[in-house]
Each structure stands twice: as structure tokens, then as C-alpha cells.
Amino acid sequence: MPNHLSILGIVHTIISVLAIIVAVVALFRYGKISPGTKSGRLYVILTIITCLTGFPIMKTGHPSAGHALGVIILVLLPIAVYARSIRFFGRGADYIQIILMSLTLFFSMIPATVESLTRLPIEQPLASGPDSPVVKMWLGIWFAVYLVGTTYQIIRLRSRRKATGTADGTVNLG
């Protein structure tokens, strides 16, 4: 069967799907993937595990673009998590955190989409490879969702900052 998965591949897939579900729940619950929330922390942990379990998986016998995305995600995650602590970012730290956390989710959707469309349905996958038109179409859709979603999050943060008069949108009662 050409679409079989190894045990590591199955574990990797389950963890990656859970990470995406947790991110979507965080987006709907909080309007962003915030590392300061339980769901945000879980997303970060699951995404790190997803990247690490993906490195030994080499369908073609050598590292692929998915492996490169894993490295990029692992570089972006700590910057996003600690953005508010990085003085260089100043007042833009909250914006950078929103952009980078959402970007890690978008980058995670690339191999998820390619792997899903080139493996499913098992009898006759929808795509023959990463350059297939259906794959390109879905990646374009995910990119549009990333742009619209990130823009919404930024507008929401900006309006909260204006309403509260504070840099981070929190209300100061003291």
C-alpha cells in the first residue's frame, strides 16, 4: 500500500492534528494564540513535538521542504513566546507575537495540506505531489486565511489599546 505510515508517522500525525485543533480552539476562544493561556502553551508544546517527530520522517530518503519548515517554526516559536520580554520589540511586541504565532500555524498547515492531499483518499489521492494544482489552491486558501486572520487580530488589539489607553490593552484599576 503506497500510503502507509510508520508508527512514528502515525504518532507525528496525531500530535500535529492535536496542535492544529488546539490552535483553532485558542483562536476562537481568545481571538489569538497566546502563549500566556493554557491552550497557547499546549499549542507551543504540541508544535515543538510535531516538529521534532517530523525530522526523522523522510518519505523521499532525504530532508524535504517540510523539514525546513520545521526548523523555521522552531526558530519562530521562542521569539513569539518571549516577544513581550524582548526590549527591542518595544510597543510592537504584542503585534509581533500575534503575527509569529499565527505564522507558525500557517507554516504547519503547509505540510499538513500536502501530506493529506497526496495520501487521501487512500485508493486515489487528490494530489500527485506538492506541485499539484489542488495543493497550490489549498495553500493559497490557507495563506488568505492567515492574512485575514492576522489582520483581524491586529485590528482587535489596536482597538483594545485605544479603548483602554494602555499599550497592552489591559485595564489599569489602580
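Among the residues making up segment 132-159, those that are at pLDDT 95 or above and not hydrophobic (A, V, I, L, M, F, W, C) are Ser132, Pro133, Lys136, Gly140, Tyr146, Gly149, Thr150, Thr151, Tyr152, Gln153. Residues in segment 1-36 that are buried (at least 16 other Cβ atoms within 10 Å of the Cβ) and of a type in the set (Val, Ile, Thr): 5 in all.
Quick check, is Arg119 more than 24 Å from Val22 (Cβ to Cβ) and not β-branched (Val, Ile, Thr)?
Spelling it out, it is not the case that Arg119 is more than 24 Å from Val22 (Cβ to Cβ) and not β-branched (Val, Ile, Thr).
Of all residues in segment 17-33, which are over 25 Å from His67 (Cα atoms) and in contact (Cβ under 8 Å) with a residue 40 or more places away in the chain? Those that are over 25 Å from His67 (Cα atoms) and in contact (Cβ under 8 Å) with a residue 40 or more places away in the chain: Leu27, Gly31, Lys32. Segment 54-164 holds helices (runs of 4 or more DSSP H) entirely within its bounds, and those carrying 1 or more residues that are over 29 Å from Val11 (Cα atoms) and of a type outside the set (Asp, Glu) map to 93-119, 133-164.
Being touching a helix residue (DSSP H, G or I) at 6+ places or on another chain (Cβ under 8 Å), farther than 19 Å from Cys51 by Cα and β-branched (Val, Ile, Thr) is a property that does not hold for Val81. Checking every residue in segment 85-102 against the condition of being surrounded by fewer than 17 Cβ atoms within 10 Å (Cβ to Cβ), under 27 Å from Arg160 (Cβ atoms) and among the aliphatic types (A, V, I, L, M) gives at least one match. Among the criteria (1) under 17 Å from Lys32 (Cα atoms); (2) under 15 Å from the mean Cα position of the chain (by Cα), the one Ile154 does not fulfil is (2). Considering segment 135-146, and only residues there that are of a type in the set (Val, Ile, Thr) and farther than 18 Å from Gly66 by Cα, the residue that is surrounded by the most Cβ atoms within 10 Å (Cβ to Cβ) turns out to be Val145. Taking into account only those residues within segment 37-53 that are assigned to a helix (DSSP H, G or I) and β-branched (Val, Ile, Thr), which is surrounded by the fewest Cβ atoms within 10 Å (Cβ to Cβ)? The residue in question is Ile45. Of the candidates Ile48, Ile7, Ile15, the single residue that is modelled with pLDDT under 95, more than 25 Å from Asp131 (Cα to Cα) and not charged (D, E, K, R) is Ile7.
The values are calculated or read from the model by the stated rules, or taken from the named source; none is laboratory data. Keep in mind that what you see is a predicted model, and the values were worked out from it rather than measured. For neighbour counting, all protein chains shown are included, and Cβ atoms are generated from backbone atoms with ideal geometry for every residue, glycine included.
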